[in-house]
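Take this structure first; my questions come after.
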Amino acid sequence: MNMIFSSSYRCVSASLTFFLCSIFISSAQAEDLFKNPLGNPYIQDVIEASVESEKLDDALKQIRDIKEIRPNKKLSISPFHFREKEDSDQKQESGVLCMQCHLNLPHQENEKLRTFLNMHTQFVDCLSCHYKDNDKSIHYAWFDEKLHLIPNKKSALETSNYEVDDEVEENQSLIPEGKAKIHPVYRNNIVTLSLDDEFSKLLEQQWESSNEEERARLKLRLHAPIKEKGLKCTSCHQDQQNQLDLEALGANSKQVFRIENNVIAKFLEKANKDDKRIRLQGLLE
C-alpha cells in the first residue's frame, strides 16, 4: 500500500514539476526570442506581458475562427475581377506590422464615429491612438510609408522676411508628403514596428511554428500594450490640448486653431456620449 502511495506521489510530483518548469521555460524562451536592443517600449511591454486566463478562451476562439481566404486560380472561366497580384485589404502598407492582420479601415463597430475615425487612419498610425504609453515620454513625428522620419520643415514662407499671404497660409497642407503618417516616438526611435524589424521576423517564425493555444497566448501578449478604445476626439481637438505638439508637427497658427477647434470632432464626441441620433442641427449648437 505504501509502495503504491509512494509511486502515485512521485507521479503527481513529477507531473507538477514538469508543468511548472514548462511555464518558466516558455516564459524564458519568449524573453530570449524577442530582443529589444533599442528599448522600444511596445516590445518591452510584450516581453513583460502576462496572459490572463479569463481572456484566453476568447482569444482561442478568435484564432479558430480565422480562415485564410485564397483565390481559386484554377477556374475554367477567368473571373472578371481577378487580380494579377495580391493586394488584399489584409496585407497593405507593407512596412507596418499591425496592418498585416487589421483591415485598411479598422474601425467598424461604432456607426457614429467609424467614418471619422477611419478617415484619421490615412494620416495617423494606429499606435498614436491605441498604445498604452503609461506616462512614458512619448512624442509624435511624421514618417513616410517606409517608416523613415520626415524632418520637420517649417514653411519657408514663415521663416522668410516676407509676410505670409493669408490665402497661401490657409491652403497649406499639414501633411508633408503623400502617405505620411504621425507615429509615436520614444527616445528618438519610432515605436511602430515594421516587417523588417527583427522582432517582426521572429514573431512570424514563432507564429508559424505554434499551435492554436500558443497563438492565442501570443495574440494576447501582442495586444497587452494596446488600448481597445483609443484616444477621445477631444484629446487632440480642444483648446490647449497637450496630446500633440502641433507646431512641432509643422502646423502654422491657423492650422493649430482649426485642429483644436474642430467643430465636427466636438459634435461627434457629444453625440456619441449622449447616445442620440446624429442631426446636422447639432453642428450649430
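State yes or no: is residue 108 under 18 Å from residue 224 (Cα atoms) and either touching a Leu at 6+ places or on another chain (Cβ under 9 Å) or modelled with pLDDT of 65 or more (or both)?
No, not satisfied.
Can you tell me which of 117, 127, 103, 174 is surrounded by 12 or more Cβ atoms within 10 Å (Cβ to Cβ), modelled with pLDDT of 85 or more, of a type outside the set (Lys, Arg) and assigned to a loop (DSSP other than H, G, I, E, B)?
Answer to the selection: 174.
Filtering the stretch 202-240 down to residues that are acidic (Asp, Glu) and in a helix (DSSP H, G or I), which residue is nearest to residue 41 (Cα to Cα)?
Here the answer is 204.
Residue-by-condition table, conditions (1) touching a Phe, Trp or Tyr at 6+ places or on another chain (Cβ under 6 Å); (2) at pLDDT below 85; (3) more than 21 Å from residue 184 (Cβ to Cβ):
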site	(1), (2), (3)
83	no, yes, yes
89	no, yes, yes
92	no, yes, no
140	no, no, no
144	no, no, no
147	no, no, no
151	no, no, no
161	no, yes, yes
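Let me ask something else. Step by step: first the residues of the stretch 232-252, then only those that are exposed (fewer than 15 other Cβ atoms within 10 Å of the Cβ) and modelled with pLDDT of 90 or more, then the one that is farthest from the chain's Cα centre (by Cα). Which residue is that?
Among those residues, the one meeting the criterion is 247.
The values are calculated or read from the model by the stated rules, or taken from the named source; none is laboratory data. Computed from a prediction, not measured in an experiment: that's the story for all the values here. Reconstructed Cβ throughout: ideal geometry from the backbone, glycine too, with neighbour counts over all protein chains shown.
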